[in-house]
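Report on one structure; see the data block that follows.
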Amino acid sequence: MGSNLLKGTAILTIGLFLSKALGLIYVIPFYSIVGDKNIALYQYAYIPYNIALSIAISGAPLAISKFVSKYNALGDYATGRKLLKSSVGIMAVTGVLSFLALYFMAEPIAHLVIKDDEQVFTIQDITSVIRWVSYALLAVPIMSVMRGFLQGYQKFEPTSVSQLVEQIVRIAVVLIGAYLVVDVFGGSPKTAVKFAVFAAFVGAIASLGVLGLYWRKYSPEMNRLLESSPPAGELPVSAIYKEIIKYILPFVLVGVINPLYQFVDMITFNGTMSSIGLASVTDTYLTMLNFLTHKVVMIPVMVATGFSMAIIPVITDYYSKGDQKGITRSLDQTYQIMLFVTIPMVVGLMALSGETYQFLYSKSSMGASVLEHYAPAAILFGMYTVTAAIMQGIDRHKWIVFTSLLGLLFKMILNIPLIRLFEVNGAIAATIIGYTIAVGVNLYVIRREMNYKSHIVIRRIILILAFNAVMLAAVLLVRTGLYAIHVPSGKLQALLYVLICSGVGAAVYGFLSLRSGLAQKLLGSRITRITNKLKMGRS
């Protein structure tokens, strides 16, 4: 089962990495086409859309995955199939209702965002883009049901590939559409943004097509298992959905919590900045925080997301069988590998924030500062996702609701006063405080409920931090040397500096990890075989 966790995590993480990387890369040409001011309009559409999307579907894939995995472990494949048949219709209705809710709430949301005449956009501008993006909600819920059902069978590839295809199609429509509107037909960049947000609907349709192909591929295998299953009639549909609903609220909160933090910024940031005389720059600063740097910061989180999606059916299986040792091994493995990969990425972003922002967008001391201060939040985002997934796997759903809302409450209470004191950094600080509280309580609950104690995890985290300190020193030394020769003035020079410095950092971190044997212990036998051939491991 441990190999299933690693394999599932690898498949999901690779797909998420490619999807997130594409989601970041496309912003570079899109930013150039519509301009730095109009890109803000894009993020105003996507934050409420992500909330509506999370409410509509975020609970479905993981809740269905957990339910199907649980009954599959008992040899009851018919009950999961019974759930699938009924849930497709229910999620289609959910999609329509979510679409209507977001479409008609677009104008009230716009009124919350526009607080001053000095701001760049009008209420009508924001209303329009929110309505254009809402159409995607019609297709996505059905897609989520199919992903969750296949994950319950430990089939992670369909989710990964469909996400990737969805992103590729969406980005193609965004860039081609924006280029045609602005550069070919001479239209307004605002019109291009409307077309770009509608691309989410086109991408969702493409993803549905991919999942249909995978369904045909796996149907013979799943049908054979269904034939050996006892009848599902003993468990009524009402009982199935009672159990699913018990799962869904925590799953929804996990999926929606990050967009809710962003939404708190969206409805409080502009008004607070206007109250301290910064209305003319508030749209730009909010875009840096909630869209431009957020896309970069979320890349390290993909590792945690991959683990959270893969660990739920694995933990559920161990928990259903009462295998405490299996649960402990999975937790040890998850914490260590996630932090082993995430921490150096965050440290690298902090050290190279100026060059990264310059390459991706434009040279901006403010943008670099926001990225540098926001990057550490990625570790908390990842830990929250993983710890919440672990508690979902052991049926501690009420605690997830409590810790999620507790962290969000602190964000809401602290956001305005901290923004008044520290401007953008105040919003970042409120987010970090909220997530720290949520993660801290989650870790306490996991330790208490599962009697989980692992000194080896603590020792290895200390070792990881020590390696990162050495890596950071090497990166800063190389960066200082490069700046002594020449200060980067363009995107390509900034990219070159990022590649050189990050290459040195990766080499130092990799060497220390391999030489100490840490990488071999965390990443398995394949790494060990390679290091033995190279004679890099400890003797």
Task: Test: residue 463 is over 28 Å from the mean Cα position of the chain (by Cα) and open to solvent by 60 Å² or more (accessible area, probe 1.4 Å) - done: no
- [ ] Please tell me if residue 115 is among the charged types (D, E, K, R), open to solvent by 30 Å² or more (accessible area, probe 1.4 Å) and in a helix (DSSP H, G or I).
- [x] no
- [ ] Under 7 Å between Cβ atoms, at least 6 apart or on separate chains: pull out the pairs that start in segment 67-94 with a residue that is touching a residue at least 40 places away in the same chain (Cβ under 8 Å) and end on any residue that is outside any helix (DSSP H, G or I) and open to solvent by 40 Å² or more (accessible area, probe 1.4 Å).
- [x] 76/230; 78/230; 78/231; 79/235
Open item on the list: Quick test of your reading of the structure: residue 244 fulfils all but one of (1) modelled with pLDDT under 90; (2) touching a Phe, Trp or Tyr at 6+ places or on another chain (Cβ under 8 Å); (3) within 19 Å of residue 133 (Cβ to Cβ). Name the failing condition by number.
Closed with: (3)
Task: Among residues of segment 454-484, those that are of a type outside the set (Phe, Trp, Tyr), in contact (Cβ under 8 Å) with a residue 12 or more places away in the chain and more than 24 Å from residue 400 (Cβ to Cβ), counted - done: 15
- [ ] Please list, ordered by first then second residue, the pairs with beta carbon atoms under 8 Å, 6 or more apart or interchain, first in segment 151-176 and buried (at least 24 other Cβ atoms within 10 Å of the Cβ), second not in a helix (DSSP H, G or I).
- [x] 174/26
Open item on the list: Restricting to segment 126-143, count the residues that are touching a Phe, Trp or Tyr at 6+ places or on another chain (Cβ under 8 Å) and in a helix (DSSP H, G or I).
Closed with: 11
Task: Conditions (1) modelled with pLDDT of 90 or more; (2) within 20 Å of residue 18 (Cβ to Cβ); (3) open to solvent by less than 10 Å² (accessible area, probe 1.4 Å); number of the one not met by residue 143 - done: (1)
- [ ] Quick one: residue 68 ticks every box in (1) modelled with pLDDT of 80 or more; (2) closer than 19 Å to residue 290 by Cα except a single one, so which number is it?
- [x] (2)
TODO: Residues being at pLDDT 95 or above and either open to solvent by 30 Å² or more (accessible area, probe 1.4 Å) or farther than 15 Å from residue 400 by Cβ (or both): count how many of those fall in segment 435-453.
DONE: 4
Open item on the list: Please verify whether residue 369 is open to solvent by less than 50 Å² (accessible area, probe 1.4 Å), closer than 19 Å to residue 284 by Cα and in a helix (DSSP H, G or I), treating the condition exactly as stated.
Closed with: yes
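The values are calculated or read from the model by the stated rules, or taken from the named source; none is laboratory data. Since the model is a prediction, treat every value here as computed from it, not as a measurement. Note: ideal-geometry Cβ built from the backbone for every residue, glycine included; neighbour counts use all protein chains shown. The protein model used for the area step is the full one, side chains on, heavy atoms only, and it has no ligands, DNA or RNA in it. Shrake-Rupley method; radii C 1.70, N 1.55, O 1.52, S 1.80 Å.
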